[in-house]
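Take a look at the structure below.
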Amino acid sequence: MKLVVVSAGLSTPSSTRLLADRLAAATLDRVDAEPEVIELRELATEIAQHFVTGFPPARLAAALDAVAAADGLIAVTPVFAASYSGLFKSFFDLIDKDALTGKPVLLGATGGTARHSLVTEHALRPLFTYLRALVLPTAVYAAAEDWGEQGLAQRIARAGAELARFMSPGTRDAAPGVDTAAAIAPRSLTGAITSTDPANGFKVVPFAQRLAALQAE
């Protein structure tokens, strides 16, 4: 399997690349895959040339092919003007309209303040939904003050576990008519999808039983 990581960070070192690397590491802890990192800042000139000429230079063509061939994708952007960066959007504007169909995508973003924390939901998620990707439930936003905090590490671990589950054999290639979400997402004893795996000792008490206990008090 192949895991492709797209980072739109512009500086060196880059917090965007750092988040991308940590998301990749969390995924590779749970699934055996070959990682490939695409730094968009190194392809900025080629991306502009493609828009003007209509033909991708060799390095850009290889990057586009890598994304199309990936079994799983991690896409991370810095936040500019309350949205993804222009470089990030320009790259995915060049992706074939069918290249991401059914592909599991883990979204990430970085910014200077927590005020931008919903960028993954109001900007990134609609973009990849339009491209018909399987956008994972957990997206990770990292503000400047989040680095070194336990909460960020936990979100990264959870997101990586989700991507690894979607990349695992037998989930993406389910037979026609099979509920892929049911095969991937753990379910409670009542059948509801839950982020906690019942196999680890998690017990769900039906609501009716909880209500009866309250009425008996």
Checklist outcome for this item: Scanning segment 98-138 residue by residue, those outside any loop (DSSP other than H, G, I, E, B) and among the β-branched types (V, I, T) turn out to be V105, T110, V119, T120, T129, V135
Checklist outcome for this item: Flagged in segment 81-97 as among the basic types (K, R) and part of a loop (DSSP other than H, G, I, E, B), in numbering order, are K97
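Hey, can you tell me all the residues within segment 55-80 that are assigned to a loop (DSSP other than H, G, I, E, B), in contact (Cβ under 8 Å) with a residue 40 or more places away in the chain and not acidic (D, E)? Talk me through it step by step, then tell me what you get.
In the first step, residues of segment 55-80 are kept if they are assigned to a loop (DSSP other than H, G, I, E, B); the result is 55-57, 70-71.
Now narrow it down to the ones that are in contact (Cβ under 8 Å) with a residue 40 or more places away in the chain: 70-71.
Hit for segment 55-80 is A70, nothing else.
Can you tell me how many residues within segment 103-132 are farther than 22 Å from F80 by Cα and either in contact with a helix residue (DSSP H, G or I) (Cβ under 9 Å, 6 or more places away or on another chain) or among the acidic types (D, E) (or both)?
2
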Item to check | Candidate set: segment 22-54, residues that are touching a Ser or Thr at 6+ places or on another chain (Cβ under 9 Å), open to solvent by 60 Å² or more (accessible area, probe 1.4 Å) and assigned to a helix (DSSP H, G or I); chosen: the one nearest to P78 (Cα to Cα) | outcome: R41
Checklist entry - Across segment 87-117, what is the total count of residues that are more than 17 Å from A139 (Cβ to Cβ) and open to solvent by 50 Å² or more (accessible area, probe 1.4 Å)? => result 6
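The values are calculated or read from the model by the stated rules, or taken from the named source; none is laboratory data. All of these numbers come straight from a predicted model, not from anything done at the bench. Every residue, glycine as well, gets a Cβ built from its backbone with ideal geometry; the counts of neighbours run over all protein chains shown. The accessibility values were calculated without ligands, DNA or RNA, using every heavy atom of the protein model including side chains. Shrake-Rupley method; radii C 1.70, N 1.55, O 1.52, S 1.80 Å.
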